[in-house]
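Here is the structure we will look at.
Derivation of every value follows stated rules applied to the coordinates shown; laboratory data play no part. Everything numeric here is computed off the predicted structure, so don't read it as measured data. In this analysis, Cβ positions are derived from the backbone assuming ideal geometry, glycine residues included, and neighbour counts consider all displayed protein chains.
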Amino acid sequence: MAELDSEPLQFAAAVSAIMLTSGRKLSRNFAYYRSGRFPAEFVYRNEMVLICHKIRMDMFGMHNLMLNPEKSCTPFLVAIAGEINDSFEELHRKILFFDSSIITGIIPEIDKQRSLWKHYTDEHFYGENLNNILESQIPESINTIETGIRQLPLFTRC
């Protein structure tokens, strides 16, 4: 029986993952910029809590992929890290619609994560240090962000 060469399959899967990531980003950006032409929309606290949950799940998946001794999952790491970066950007954009007096404790944590994840395209970003950060520092940071978000009003107008 013929054996399938796994390298092209992994490449195809990686390209598919990156295309899905890019498509999701384009869809989000289209919805965001389109909203300027319509009556004011609202930003809901629960949307931002769901973004925190998504970040947590993406980080969990990334951590598990990094524990894989094979390097064949590298394109997936980049795709997931891009998703995490985009999620922090979206969280930052949405939280700015709330009153500045109530978000001052949350913004520094979000900015700290944004400054970390913006380097996701750098090859040195994926070292052993990232694995340690995913285990120790980031879960605490996400909890701090989510706790602050849960103290926000239910919604605000854009």
- prompt: Under a point-charge model restricted to the Cβ atoms of Lys and Arg (+1) and Asp and Glu (-1), what is the dipole moment magnitude of segment 24-158 relative to its Cα centre, in debye to the nearest 20?
  reply: 660
task: Just subtract the alpha-carbon distance of Phe42 and Lys54 from 0.36 nm times their residue separation and send over the number in nm, one decimal.
output: 2.3 nm
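May I ask you to compute the full-extension gain from Asn29 to Leu96, defined as 0.36 nm times their residue separation minus their alpha-carbon distance, rounded to one decimal in nm?
Between Asn29 and Leu96, full extension yields 22.5 nm more.
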message: Within 15 Å, Cβ to Cβ, of Phe60, how many net charges do the neighbouring residues add up to if Lys/Arg are +1 and Asp/Glu are -1?
response: -3
message: Using only alpha-carbon positions, what ratio does the radius of gyration of segment 47-157 give when scaled by 2.2 N^0.38 Å?
response: 1.10
